[in-house]
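A.B. asks: Here it is: the structure, laid out below.
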Number of protein chains: 2
Amino acid sequence: MVKVKIYIEYKEGVEDPEALTVKKSLSLLGFEGINSVKISKVYEMEIEGNKNSARKKAVEICEKLLANPVIHRYEVNVD
Amino acid sequence: MVKVKIYIEYKEGVEDPEALTVKKSLSLLGFEGINSVKISKVYEMEIEGNKNSARKKAVEICEKLLANPVIHRYEVNVD
């Protein structure tokens, strides 16, 4: 069993509507001095097999399900 | 300017509907041997001030906006 972490974030230059909303909400709530907000998602999975096969599977999972290649970039870390 | 990372995840024992959906989708797509899926979110912020005040502000942001204390636990890391 291999622990895999998949990080997914927006590519540089792609607008993240959720991050914009958080930034706006912070300002409405009176928080000052927040200059940028960036949101990413981490998927932790336990995958059967060895490190190599788990990494391969994780990359396939990103491409087929989790990440949209037009707007996201992803990174796979295998423990 | 301080870089702050806020990690938000579901507490142990709280069901994460998104993670369940991902797990189900993976199985429908034919991926086998995925034993668990856990999702967390990372908010990276640039906050003005020193490390102490930035950490304090980040904790307040978690409590007032980003995290639901009933179901989430959060962690604040200051670079």
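A.B. asks: Taking only protein heavy atoms into account and a 1.4 Å probe, give the accessible area per residue of the protein assembly as shown in Å².
C.D. replies: 61
A.B. asks: Heavy atoms only, probe 1.4 Å: what % of the accessible area of the stretch B:2-78 goes to carbon and sulfur, would you let me know?
C.D. replies: For the stretch B:2-78, the apolar C and S fraction of the accessible surface comes to 49 percent.
A.B. asks: Still on this model: Among B:VAL59, B:THR21, B:ASN35, flag the residue with its Cα farthest along the positive direction of the charge dipole of the stretch B:2-78, charges on Cβ as +1 for Lys/Arg and -1 for Asp/Glu.
C.D. replies: Of the options given, the answer is B:VAL59.
A.B. asks: Once B and A are treated as a pair rather than alone, how much accessible area drops out, both sides summed, in Å² to 100, probe 1.4 Å?
C.D. replies: Approximately 2800 Å², summed over both chains.
A.B. asks: Taking the label point 7 Å from Cα in the Cβ direction, how far apart in nm is A:LEU29 from each other copy of itself, listed shortest first?
C.D. replies: Between copies, matching label points for A:LEU29 lie 3.2 nm apart.
A.B. asks: Mind pulling the angle between the C-alpha long axis of helix B:51-61 and the longest principal axis of chain B? Nearest 10 degrees, somewhere in 0 to 90.
C.D. replies: It is inclined by approximately 50 degrees.
A.B. asks: Hey, what number do you get for the protein assembly as shown at 222 nm if only DSSP H runs of n ≥ 4 count, each worth -39500 (n - 2.57), divided across all residues, to the nearest 500?
C.D. replies: -9000 deg cm²/dmol
A.B. asks: Please grab the % of Cα pairs in the stretch B:2-78 that end up more than 19 Å from each other.
C.D. replies: Of all Cα-Cα distances in the stretch B:2-78, 47 percent exceed 19 Å.
A.B. asks: Restricting everything to alpha-carbon atoms, can you work out Rg to Rh for the protein assembly as shown with a Kirkwood hydrodynamic radius?
C.D. replies: My calculation puts Rg/Rh at 1.00.
A.B. asks: Residues of A:44-57, mean number of Cβ from any other protein chain within 10 Å of their own Cβ, rounded to a whole number?
C.D. replies: Mean inter-chain Cβ contacts per residue within 10 Å come to 3.
A.B. asks: Can you count the Lys pairs in chain B with C-alpha separation below 21 Å, eight or more apart or on different chains?
C.D. replies: 25
A.B. asks: For Cα pairs less than 8 Å apart in space and 6+ apart in sequence, what is the mean separation divided by the residue count of chain A, i.e. the relative contact order in percent?
C.D. replies: After rounding, I find 55 percent.
A.B. asks: Taking each residue of A:11-17 in turn, how many C-beta atoms of other protein chains fall within 10 Å of its C-beta, and what is the average?
C.D. replies: Average neighbour count from other chains, rounded to a whole number: 0.
A.B. asks: Give me the net charge for the shell around A:ASN50: Cβ to Cβ below 14 angstrom, other residues only, Lys and Arg +1, Asp and Glu -1.
C.D. replies: +2
A.B. asks: Going 7 Å from Cα along the Cα-Cβ axis for the label, what nanometre distances separate B:PRO69 from the same residue across the other copies?
C.D. replies: Distances between equivalent label points, in nm: 4.6.
A.B. asks: So if I take the centroid of the Cα atoms in the stretch A:39-79 and the same for the stretch B:1-56, what is the distance between those two points in Å?
C.D. replies: Using only Cα atoms to place each centre, the spacing works out to 14 Å.
The values are calculated or read from the model by the stated rules, or taken from the named source; none is laboratory data. Here the structure is a predicted model, which means the values were calculated and not measured. Please note: Cβ atoms are built from the backbone with ideal geometry, for glycine as well, and neighbour counts cover all protein chains shown. Ligands, DNA and RNA are excluded from the accessible area calculation, which covers all protein heavy atoms including side chains. Shrake-Rupley method; radii C 1.70, N 1.55, O 1.52, S 1.80 Å.
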